[in-house]
1. If we scan region 55-73, do we find a residue that is crowded, with 17+ Cβ neighbours inside 10 Å, at pLDDT below 95, part of a helix (DSSP H, G or I) and not small (G, A, S)?
2. Look at A147 and say whether it is outside any helix (DSSP H, G or I), of a type in the set (A, V, I, L, M, F, W, C) and exposed (fewer than 13 other Cβ atoms within 10 Å of the Cβ).
3. Which residue pairs have Cβ atoms under 9 Å apart, sit 6 or more places apart or on different chains, and have a first residue in region 64-83 that is over 21 Å from H95 (Cα atoms) and touching a residue at least 24 places away in the same chain (Cβ under 8 Å) and a second that is hydroxyl-bearing (S, T, Y) and outside any helix (DSSP H, G or I)?
4. Would it be correct to say that A116 is under 19 Å from L35 (Cβ atoms), aliphatic (A, V, I, L, M) and part of a helix (DSSP H, G or I)?
5. Taking the options L129, L111, L134, name whichever one is surrounded by 17 or more Cβ atoms within 10 Å (Cβ to Cβ) and assigned to a helix (DSSP H, G or I).
Amino acid sequence: MTAPRPLRRWILPVLALAVVSVAWSTAPTQDGPELHDLMRGVKKSLRTVGDALKDPAGDAQALEALAEMEVLLLASKGHDPTNLSEVERADRESHRAAYRADMARTLITALELEIAILEGRRDAAAEMLRGPLLQQRNDGHDKYQPADG
């Protein structure tokens, strides 16, 4: 028995997330793309999702952008926050752990947004984007970006 077509379409992004998760689950290494570049990709994906949700025929585009954003968030979680050097040495591990936990929460919100779209709950998806997801982004910027910018 083969999986229904929509399920097969999302197997690759889910497997990609799993592979990236395993690769980045160890201590952060700073290998790969810079955090700034990953976050720039997340920002682009957020814009694409927001624009796609304005169009009733935009679900496929929104889902594609969300899949990309989820991979970028997962990769970002493996980096150190950019303001880590400004944190007292004794507090750095807890700051790093808080960053990773917040990135995981943001990834969960992105996945919930994806589920809402897949279930046809476009209004709920748009509200998640405008509400919790953007709030998590703003809070993260306040907590983890350097004081100078």
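1. no
2. Yes.
3. none
4. no
5. L129
The values are calculated or read from the model by the stated rules, or taken from the named source; none is laboratory data. Only a predicted model underlies this, so the values are computations on that prediction, with no experimental measurement involved. Cβ: placed from backbone, ideal geometry, glycine included. Neighbour counts: every protein chain shown.
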